[in-house]
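Participant: Got a structure for you, questions after.
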Amino acid sequence: MKHIITIIKKEWAEVFKNRMVLFMISFMPLIFTILPLVMLYFTSQGMGDMSDISTADVPVQFLEVCGEGITGTECMQIYVVNQFLLMFMLIPVIIPVTIASYSIVGEKTTHSLEPLLATPITTFELLAGKSLAAALPAIIMGWFAFGLFLLGLPIIGTSAAVIDYITGLTWLLAILVAGPLMAIASVNLAIFVSSRVNDPRVAEQISALFILPILGLLFAQLAGVIVINVMVMLSFIGSMILVDIGMIYLGTTIFQRENILTRWK
Amino acid sequence: MCLDLIQEMIETKDLTKIFTIKKAADIPAVVGLTLSVAEGEVFGFLGPNGAGKTTTVRMLTSLIGPTSGTARVNGFTVGEADQDIRRSVGILTESPGMYERLSASKNLDIYAHLYDVADVDGQVDKYLRMLGLWSRRDDPVGSFSKGMRQKLAIARALLHEPQLLFLDEPTSGLDPEAARLVRSFIQELRDQGRTIFMCTHNLNEADRLCDRIGIFKSRLIEVDTPENLRKKLFGRKVVFHLREVHPGWLDPIRELEGVLDLQIVDKKLVIAMDNPDILNPQIIRALVQSGADILFVGELRHSLEDIYLQTMRDTAEEEVAG
Ligand SMILES: Nc1ncnc2c1ncn2[C@@H]1O[C@H](COP(=O)(O)OP(=O)(O)O)[C@@H](O)[C@H]1O
Ligand SMILES: [Mg+2]
């Protein structure tokens, strides 16, 4: 455990000196928080004067999500907000990729892995240290952004029904459970990709393909093919657990002393 | 622990590493290496680039596994007690591999923790001072010269006070002044009684620093003290500088027991022999009796470079022949 903490501290000391990474970690969550707030503000403002949107204007599937006793405007807002849920889920995917790519490729180009592997650290400790160093900021920033978003909701005058929905099970599962699971998968993917390429930006771009499934969900929802509700979220979490198991397995197989020194080019 | 009882710090038997690469021929990097290094010894592992020196060090520090053969390091068996080996040896890797954005002391601090050093700050301070990096301790390593990085890497290898040190080409790529500093520091380590296994392709360095030298190119070609290597390959030669040389003087010398070869170069006699202590006085007496004026007598010393080139040539010939 002591070794893992040493590695985490070392990773953070190094990675937070990199402006590119720092920008990614701080700026992206901020954007993803402010954007939905602004959207919500304008949808509630613009429609305040008008008569309520009829429920007929809201995609049919959404009415099920909104449930009874909710106005058409509120349901419309929930529909809009649900798109942003996926943005919040991008945070724990993108941040670990950035940190892990710069860290691993950096170690490869400066040849600093060999002296590190010559110490009595176990490869498990090293992998765990690197993974946590990349995943923790992502999880924390994801939660932080969501907290900021929740604080902002009453300020911009969001109705109680919408806030209720956002603090409901679907969102909490997404932010508290799915987010960390995705961070774990994304770290391992980034480590795998970084072991093969020598440019952190290339590693980042390849690993970032991982956001495609999320974008897929986003467009599927926009197109009305699916609606993200508790069931969808639970099955997503279930498959993420499987993906994590596979990715951690992949991570540990490539993360062996001999492999790192002789096969990572 | 029974470290006191261990005589050999490194013992290998038929140690072999063959790299297999997809769609390419196997690379026999190290073949059948049998070797032992005693406690307190400075062992020079001498060979050209690509000889397999780094691969050997990696096997002996439990970084990569051998294809076959065995090795014991510090009393621990490679492949069985890898953690113990890593804990008990120090290694200067081929490239320093420092964290460039972090300060010198931060770099050492990380390693002191990874080596479970008890007094982290004390050890870091000690070695920063000892290697003359104290005033630059807070500067990022990215701003360091090559020589400073190398010194920092040596400090890093010593934090946990290992009795056995592996140095992979410690002076390669350094300017002469930095190389001199590093060499004198290795001398200090040797005086402290540490066992050192040093890879080098610098013959002079091996000659000056090492108790024994192994000449290596995938296989171990020769192992001995620098002195014996010279003898073994060339015998010993003594040069007699004379004012003049008369062919008639030479016959009595040729007849002396133990003279292996005699050549005349300008006004010098170059005589190959096994035992100059006995023969030199006899030769001098014979020459004086013949009326020769002896100006100066000296032993012809071969540089290690000659030996090295000679061995490499012999091996190449054997390879062609065999
Ligand atoms: N990971 C590897 N994969 C394939 N071949 C390797 C690998 N590492 C070293 N080699 C080969 O093994 C041989 C010895 O290399 P090395 O031990 O680095 O030599 P030295 O340190 O004496 O210069 C070289 O031919 C090198 O190309
Ligand atoms: Mg080498």
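Read-outs: derived from the displayed coordinates by stated rules, not from any lab. Everything numeric in this text was worked out from a predicted model, so none of it was measured. So basically every Cβ, Gly included, is an ideal-geometry build from the backbone, and we count neighbours across all protein chains shown.
Participant: Counting each DSSP H run of 4 or more residues in chain B as -39500 (n - 2.57), what helix-only mean residue ellipticity at 222 nm follows after dividing by all residues, to the nearest 500 deg cm²/dmol?
Facilitator: On the way: 11 runs with 120 residues, N = 322.
So the helix-based figure for chain B works out to -11500 deg cm²/dmol.
Participant: Work out from phi, with θ = phi - 60° and the Karplus expression 6.51 cos²θ - 1.76 cosθ + 1.60, the ³J(HN,Hα) of each residue of the stretch A:203-211, listed in order in whole Hz, and give x for Gly and Pro.
Facilitator: 4, 4, 5, 5, 5, 5, 4, 4, 6
Participant: A follow-up question, please. Within the stretch B:49-86, which residues have the backbone N less than 15 Å from the label spot 7 Å out from A:H111 along Cα→beta-carbon, could you tell me?
Facilitator: Answer for the stretch B:49-86: B:49-58.
Participant: Which whole-angstrom value gives the distance between the alpha carbon centres of the stretch A:140-172 and the stretch B:188-203?
Facilitator: 65 Å
Participant: Mind checking which of B:F19, B:G214, B:L287 is farthest towards the positive end of the protein assembly as shown's charge dipole, using Cβ charges of +1 (Lys, Arg) and -1 (Asp, Glu) about the Cα centre?
Facilitator: Checked the options; the winner is B:L287.
Participant: Could you pull out every one of the lysines with an alpha carbon less than 29 Å from that of A:K10, ignoring same-chain neighbours closer than 8 positions?
Facilitator: Counting by Cα, and skipping residues close in sequence, A:K10 has these lysines nearby: A:K2, A:K108, A:K130, A:K265, B:K106, B:K126, B:K146, B:K151.
Participant: Let me ask something else about it. Farthest toward the dipole's positive end in the stretch A:2-263, which of A:F219, A:G129, A:I156, given Cβ charges of +1 (Lys, Arg) and -1 (Asp, Glu) about the Cα centre?
Facilitator: A:G129
Participant: Continuing with the same structure: Give me the number: length gained by fully extending A:Q256 to A:L35, i.e. 0.36 nm times residue separation minus the C-alpha to C-alpha distance, one decimal in nm. All intermediate terms of the calculation are to be shown ahead of the outcome.
Facilitator: Details: separation 221, 0.36 × 221 = 79.56 nm, distance 4.25 nm.
Full extension of this stretch gives 75.3 nm more.
Participant: Going by how many other Cβ atoms sit within 10 Å of their own, how do A:I248, A:I99 line up, fewest first?
Facilitator: On the way: A:I248 16, A:I99 29.
Least to most surrounded, the residues fall as A:I248, A:I99.
Participant: How much length is gained if the chain between B:T77 and B:S145 is pulled fully straight, taking 0.36 nm per residue apart and subtracting their Cα-Cα distance, in nm to one decimal?
Facilitator: Details: separation 68, 0.36 × 68 = 24.48 nm, distance 3.77 nm.
Full-extension gain reported as 20.7 nm.
Participant: In addition: Taking only Cα atoms, what is the 0 to 90° angle, nearest 10, from helix A:179-194's long axis to the longest principal axis of chain A?
Facilitator: It works out to around 40 degrees.
Participant: Compute the acute angle (0 to 90°) between the alpha-carbon long axis of helix A:212-222 and the principal axis of greatest extent of the alpha-carbon atoms of chain A; round to the nearest 10°.
Facilitator: Tilt of helix A:212-222: around 0 degrees.
Participant: With springs connecting C-alpha atoms under 10 Å apart, model chain B as a Gaussian network and identify which of B:L92, B:L114, B:L174 has the largest mean-square fluctuation.
Facilitator: Of B:L92, B:L114, B:L174, the most mobile in the Gaussian network model is B:L114.
Participant: Lysines near B:K217 by alpha-carbon distance under 20 Å, same-chain residues fewer than 8 away left out - which ones?
Facilitator: B:K217 reaches B:K13, B:K17, B:K53, B:K232.
Participant: Pull up all non-local amide H partners of B:L300: gap of 5 or more, or a different chain, and H-to-H distance under 5 Å with H placed in the peptide plane.
Facilitator: B:K237, B:V238, B:V239
Participant: Calculate the radius of gyration of the Cα atoms of the protein assembly as shown to one decimal place, then report Dmax, the largest Cα-Cα distance, as a whole number, both in Å.
Facilitator: Just the Cα atoms of the protein assembly as shown yield Rg and Dmax of 35.0, 134 Å.
Participant: Further question on the same structure: Angle, helix B:276-290 long axis vs. longest principal axis of chain B, Cα atoms, 0 to 90°, nearest 10?
Facilitator: 30 degrees
Participant: Under 20 Å Cα to Cα from B:K268, which aspartates and glutamates show up? Leave out anything in the same chain fewer than 8 places away.
Facilitator: Partners within reach: B:E244, B:D251, B:E255, B:D277, B:D293, B:E299.
Participant: Along the Cα-to-C-beta direction of B:E299, a point sits 7 Å from the Cα; which residues of the stretch B:240-254 have their amide N less than 15 Å from that point?
Facilitator: B:240
Participant: Ignoring everything except DSSP H segments at least 4 long, calculate the 222 nm mean residue ellipticity for chain A; use -39,500 (n - 2.57) per segment, divide by total residues, nearest 500. Please list the in-between numbers first.
Facilitator: Details: 13 runs with 205 residues, N = 265.
After summing the helix terms and dividing by residue count, I get -25500 deg cm²/dmol.
Participant: Specify the residue with the greatest mean-square fluctuation among B:E80, B:E94, B:E255, computed from a Gaussian network of chain B linking alpha-carbon atoms under 10 Å apart.
Facilitator: The residue with the greatest mean-square fluctuation here is B:E255.
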